[in-house]
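Below: one structure, written as structure tokens.
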Amino acid sequence: MIAENSHISLNTTLKTTTLSSMEPRKTGKISSLETKNAGILQKLIAMGILPGMPVTLLRRSPSYLFEVDQTRYAVDREVANHIYVSY
Amino acid sequence: MKLPLICPEKECCRGKKECMPGKGLPKIVLVGSPNVGKSSLFNALSGSYTIVSNYPGTSVEISRGKGRIGEREYEFIDTPGMYSLLPVSEEERVSQRLLFEEKAFVCLHVVDARNLRRMLSFTLQLLEAGTPLILVLNMMDEAEERGIEIDIQGLSKALGIPVVGTVSSEGKGIEELKTSIMEFTHKKYERISQETDYGQEIEPYISEAEGLLKTAEETGISKRSLSLLLLQGDRTALDVVCSPEEEYRDKNEKNESRRNSFEEFQRLAETASEKAGIPLSYLFTLKRQEIVNRIVEQVMEVQDTDKETKERETGQKEKTEKREKARKKVLLAENIDSVLTHPLFGIPVLLLVLYLGLYRFVGVFAAGILVDFLENTVFGEHINPLVTAWFTSLVPYPALQDLFVGEYGIFTQAVTYAIALILPIVGAFFLVFSIIEDTGYLPRLGLLLDSMFKKIGLSGRAVIPMVLGFGCSTMATMVTRTLETRRERLISTILLALAIPCSAQLGIILSILSGNPNGLLIWAGVIVLEFVFIGYLAAKILPGEAPTFILEMPPLRIPRLSNIAVKTYSRMHWYFLEVLPLFVLASVLIWIGRLTGLFAIALKTMEYPTVWIGLPSDAADIFLFGFFRRDFGAAGLYGMHDAGLLTGVQLVVAAVTLTLFMPCIAQFMMTIKERGFKMALAISGFIFPSAFLVGFIVNTLLTALGVSL
């Protein structure tokens, strides 16, 4: 019973947002990528920014700076809106 | 930034474009993501030097070199970084085309060991393409510092190809890699099946595309790989398959079939991607990543802090101490990094770098003190009088004396300018520049300035070619290929031609105005204003989407002294060879012009705009020089300032006009190459009048306001 409860509470705390509205210094996982803009999508997947990868947001200003696995990337707000994370 | 290679053997043409050392030998091609150390490895293997820096996009061209491994000679080929077989930007396409066209003895896929998880996907693509492959895990030291352990043998077994770990900057693992290349035989590592399964929904489409390719010509990559690229709508693949080469023969028939196959592939791609529900490139990447994740889980281990405490307890003291040290190093870099990229502190740090590196070191020290000593004391008092006296006594013809040791003489002007003026300035500049490049500061500057650059239609990525433009706008024009859209490439080319002064020009102007802080501020203000204004205008006028910004941040690194030295030397060497013939040519042309009277006419013509912007008519030759090279014009300005011929206001006006003046011949040629003849002509046609217009405005304003500087 207790285990089940904790499982539920864990699930409710798992938020899915875009990277741009993620809290800084939090670590999560990339859940999916927005596929509408083919150019941005192509760049993201080529650079290895893929669903399932661990992600940490380090900075929101002057640009979005985040870490995926062992690499850091700087992106603008537009691109950060194309990355969905759950944490 | 890429310079002509310095070949280890004298027999090879030094720095010529057509230079192809090792032509016809078995080829070893280095490929991989940007900033993983391909060029560094290339240098270690071939014994040549191509520029190595710490930012993605250093190499935008292919470099070739020759080297010996054991008894055999090979041709080594370094390529611009590419993230995957499907290119996004132009320099990636350069590498992709090479893979299509060249038959390699073996390809070295160079990856950053830390980032195996992100980079193995490309290894799978290369295997799928049927490329004979060795995987090189570079920067093993940095991976270790971060507690990453990789089972190299396990990885080799999982992939079915040789895997070697290296630290290319220190030469570690190079011998092992060489052995691996020597032992490489295509049969030994031919795997039964190395194809990724993309799922039963999509596989039929891939097979169908492959079927269409049956009669197509062989390329460097497998038919399956080509089919995948075609389904993703890749331009190069379409070019190859629907090659227009045979258009001359049976024109109609070929064109017809070409269009047919083109449409066929498009139809296939559309239905396949409809079926998949997501873009095919996304699907393919996700499928490959599944395999990569499985492999990585088997062979890679990241030590976390818990484990380390345990290790300490079990008494592996030495190991933990080493790791502790490494962690401190990482932490320090982290702290510096957070200041460099801080929204508030970042800008003061940038200004400090500019002040110390550019103004104090290049402007005041090199262009001021050093040049003064070389130009006035060494050349002016000792060498030139000696050479002049010697030459005049040896050759009694005044016309020839004029050519070699006259006012505009080959020795007294061209050689003196090149050695005493240009060389120390560009040398100092390239030294500062190399240090900045190797720390990894440039990408951070991109991050810092992205939102500002957006206002002029560029992304933070364009910061890199813009900053490189201060070194040499010609090279920077080539680096604009790393920008993603045509619009960005065009805007940055215009700005490079218009508002970015090159190192020699900048150094001279800084030095001339260093005694005059207000003048320096006005000059800088006008140039920045013009830069922003033209950029803003171009962004408004030119059609196209706003740019987006994605840039990889390499770790901050401590520059390696040997690389700094070799890089600075090779750039100075290149610059000197570039500049000297043109200076000499200018001397000869002026000499002919003076003999025939054409020089006087040209000077007279240039006098009109010169006087119009409030300068004495003598200053006309600065601008005439400027047509040859901007730095030549700046050298002329230096001469006039030295002779005390200009007032403070005139100096500022001349500096502004000259900074905004025509790009040099080399940059003009590069603009033609990258953007086309019409565009190059249009840019230059705009610059010439606008430079004088701005000079006129500045002069009118300063005079009207009664400013004296």
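Would you mind computing, in nm to one decimal, how far apart the modelled labels at A:Ser61 and B:Ile174 are, each placed 7 Å from Cα along Cα→Cβ?
In this crude label model, A:Ser61 to B:Ile174 measures out at 4.8 nm.
Taking only DSSP H segments of four or more residues, each worth -39500 (n - 2.57), what value at 222 nm results for chain A once the sum is divided by all its residues, to the nearest 500 deg cm²/dmol?
Working: 3 runs with 25 residues, N = 87.
My calculation for chain A gives -8000 deg cm²/dmol from helical runs alone.
Quick one: what does P(r) look like for region B:346-704 with 10 Å bins over all Cα pairs, in whole %?
So the P(r) values, bin by bin, are 5, 24, 34, 25, 10, 3, 0.
Quick one: B:Val111, B:Val302, fewest Cβ neighbours within 10 Å first, how do they rank? Kindly include the intermediate steps, with their values, before the conclusion.
Numbers: B:Val111 22, B:Val302 13.
Ascending number of Cβ neighbours within 10 Å: B:Val302, B:Val111.
Would you mind computing Rg(Cα) / (2.2 N^0.38 Å) for region B:27-183, counting N as its residues? It would help to have the intermediate numbers written out before the result.
Details: Rg = 14.1 Å, N = 157, 2.2 N^0.38 = 15.0 Å.
The reported ratio for this selection is 0.94.
For B:Phe345 and A:Ser86, FRET efficiency with R0 = 25 Å and r from the beta-carbon atoms, rounded to 0.05?
On the way: r = 32 Å, r/R0 = 1.30.
After rounding, the FRET efficiency stands at 0.15.
For region A:56-84 and region B:378-396, write down the distance between their C-alpha centroids in whole Å.
First find each Cα centre; the distance between them is then 63 Å.
Taking beta carbons within 10 Å but only from partner chains, what does the mean come to for residues B:543-553?
The shielding value for this peptide is 6.
Stretch B:Arg235-B:Ser207 to full length: gain in nm at 0.36 nm per residue minus the Cα-Cα span?
Working: separation 28, 0.36 × 28 = 10.08 nm, distance 2.00 nm.
Gain in length upon complete extension: 8.1 nm.
Where does chain B land at 222 nm, in deg cm²/dmol rounded to the nearest 500, when only DSSP H runs of n ≥ 4 count, each adding -39500 (n - 2.57), divided by all residues? Please list the in-between numbers first.
Details: 30 runs with 408 residues, N = 709.
Here the helix-only value at 222 nm equals -18500 deg cm²/dmol.
Classify region B:502-578 from the C-alpha gyration tensor, please: rounded if a/c falls under 1.5, else prolate or oblate depending on whether a/b exceeds b/c.
On the way: a/c = 2.07, a/b = 1.15, b/c = 1.80.
Here region B:502-578 falls in the oblate category.
With a ≥ b ≥ c the root eigenvalues of the C-alpha gyration tensor of region A:15-86, is it rounded (a/c under 1.5), prolate (a/b larger than b/c) or oblate? Walk me through the numbers before you get to the answer.
Numbers: a/c = 1.36, a/b = 1.25, b/c = 1.09.
Taking the square roots of the gyration eigenvalues as a ≥ b ≥ c, region A:15-86 is rounded.
Given bins 10 angstrom wide, list per bin the percent of all Cα-Cα distances in the protein assembly as shown, short to long.
2, 12, 21, 23, 19, 12, 7, 3, 0, 0, 0, 0
Using 20 Å as the cut-off for backbone N distance, which residues of region B:110-145 belong to the label zone defined by a point 7 Å from the Cα of B:Ile278 along Cα→Cβ?
B:117-125
Suppose the chain between B:Glu324 and B:Lys214 were pulled fully straight at 0.36 nm per residue; how much longer would it get relative to their current alpha carbon spacing? Please report the intermediate quantities before stating the final value.
Numbers: separation 110, 0.36 × 110 = 39.60 nm, distance 5.81 nm.
Here the segment from B:Glu324 to B:Lys214 would lengthen by 33.8 nm.
What spacing in nm lies between the two simple spin-label points modelled at B:Asn376 and B:Asp197, each 7 Å away from Cα in the Cβ direction?
A separation of 8.1 nm, rounded to one decimal place.
I need the calculated FRET efficiency for the pair B:Thr185 and B:Thr392, taking r as the beta carbon distance and R₀ as 56 Å, to the nearest 0.05.
Efficiency at R0 = 56 Å is approximately 0.20.
Calculate the mean, over all residues of peptide A:60-70, of how many other protein chain Cβ atoms lie within 10 angstrom of the residue's Cβ. Kindly include the intermediate steps, with their values, before the conclusion.
Numbers: counts 1, 5, 13, 12, 4, 7, 1, 1, 3, 7, 13.
Shielding by partners across A:60-70 averages 6.
Output the DSSP H helices from chain B with an along-axis C-alpha extent of no less than 30 Å and a mean Kyte-Doolittle hydropathy no less than 0.0. It would help to have the intermediate numbers written out before the result.
Working: long enough: B:251-276 (37 Å, -1.87); B:317-340 (35 Å, -1.12); B:517-541 (36 Å, 1.64); B:561-596 (52 Å, 0.96); B:677-704 (41 Å, 1.69).
Span-like helices in chain B: B:517-541, B:561-596, B:677-704.
At what distance in nm do the modelled label points of B:Asp642 and B:Leu542 sit from each other, each positioned 7 Å from its Cα along Cα→Cβ?
3.9
Test of understanding: ordering B:Glu290, B:Glu75, B:Glu195 by Cβ neighbours within 10 Å, fewest first, what list do you get? Provide the component values of the computation, followed by the final result.
On the way: B:Glu290 12, B:Glu75 22, B:Glu195 16.
Lowest count first: B:Glu290, B:Glu195, B:Glu75.
Taking the Cβ of each residue in B:Glu407, B:Glu61 as the centre, tally the other Cβ atoms inside 10 Å and list the residues starting with the fewest. Write out the running numbers ahead of the final one.
Numbers: B:Glu407 9, B:Glu61 16.
In order of increasing Cβ crowding within 10 Å: B:Glu407, B:Glu61.
Counting only other chains, and only Cβ atoms inside 10 Å, what mean value do you get across the residues of B:275-288? Provide the component values of the computation, followed by the final result.
Values: counts 0, 0, 1, 4, 7, 0, 6, 9, 1, 1, 7, 5, 0, 2.
Mean number of neighbouring Cβ atoms from other chains: 3.
Rounded, prolate or oblate: which one fits region B:71-138, using the alpha carbon gyration tensor with axes a ≥ b ≥ c (rounded when a/c is under 1.5, else prolate when a/b beats b/c, else oblate)?
Working: a/c = 1.60, a/b = 1.14, b/c = 1.40.
Oblate.
Which net charge results when you count Lys and Arg as +1 and Asp and Glu as -1 among the other residues whose beta-carbon is under 12 Å from that of B:Arg489?
Values: positive: B:Arg461, B:Arg481, B:Arg486, B:Arg487, B:Arg675; negative: B:Glu90, B:Glu91, B:Glu484, B:Glu488, B:Glu674.
For residues surrounding B:Arg489, the net value is 0.
What fraction, in whole percent, of alpha-carbon pairs in chain B exceed 48 Å separation? It would help to have the intermediate numbers written out before the result.
Values: 63692 of 250986 pairs.
Pairs farther apart than 48 Å: 25 percent.
Every number in this text was worked out from the coordinates using simple rules, so none of it is lab data. It should be emphasised that the depicted structure is a prediction, and the values quoted were computed from it without experimental measurement. Quick reminder, even Gly has a Cβ in these numbers, built from the backbone with ideal geometry, and neighbours come from all protein chains shown.
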